[in-house]
């Protein structure tokens, strides 16, 4: 996920009202998610959509763009009329300059992300405090002896939501006796609560944790870390598509569990030796 500035006003499109202002797509998603599904779908279907020349387009045109060879050059901008409280879509075709700027921004973030994962891998945590939805705090001390799986996500991350069923299955498969499962998000507790009314996520959720996102240097979502019982980060994954990500995490976790079991077997505490005269 890359967050790019949306400082653009209706003056860029004369067919919009003077009180329309471009907003983040995530803010628009929050607005829609405040309604039940039926209302939400109705709002989306009834939102006026424009091409940049001011002519309106329908779903058939939008579907045709999705199938076009240069579909990646198109993006939907959302505008909110700050007086009427209505929303408008504008189908924007990215210029060569915008494509180049976006490409450079993504490349820079990708390189920084790769470097950060290398730095995290093999590092040891000296402290960790995770406060969950019920106000309980989990620390390295309370999690002693457990492997810790941390998934960084947020409520408007479609890729995060897409893999949640697989993560739930993973938790069920490996259990909670030896593994602690946490989902860390910068979203507010109230926002997460509303999200859970629609989507099942069986991890222990840690809301309002931008400080943890910053601490671990997370730039892309979802990102999953595995920390062994010695508090060493032994898995960071890599930036890439969603295909096979859950399987990769599962294999990595299985390997860590196997290593932990083997270490416990060979770790024998010697008792007192009886002296024979």
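Just so it is clear, none of the values below were taken in a lab; they were calculated from the coordinates. No experiment lies behind these values; they were computed from the predicted model shown.
Odds and ends about this structure:
- Here is the tail figure for segment 107-265: Cα pairs spaced more than 28 Å apart come to 15 percent of all pairs.
- Shape category assigned to segment 90-151 from the gyration tensor of Cα positions, a/c cut at 1.5: oblate
- Segment 10-97: relative contact order as a whole-number percent, Cα under 8 Å and 6+ apart: 34 percent
- Anisotropy class of segment 10-97 from Cα gyration tensor, a/c 1.5 cut: oblate
- From the alpha carbon centroid of segment 78-115 to that of segment 171-218 is 27 Å.
- P(r) tail fraction, the chain - alpha-carbon pairs more than 26 Å apart, %: 54 percent
- The relative contact order of the chain comes to 17 percent, based on Cα pairs under 8 Å that sit 6 or more residues apart.
- When shorter helices are ignored and each DSSP H run of at least 4 residues is given -39500 (n - 2.57), the per-residue value for the chain at 222 nm works out to -12000 deg cm²/dmol.
- GNM flexibility winner over the chain from 209, 250, 123 (Cα, springs under 10 Å): 123
- Pairs of Cα atoms nearer than 8 Å and 6+ residues apart set the relative contact order; for segment 104-178 it is 17 percent.
- Difference of contour (0.36 nm per residue) and Cα-Cα distance, residue 168 to residue 12: 51.7 nm
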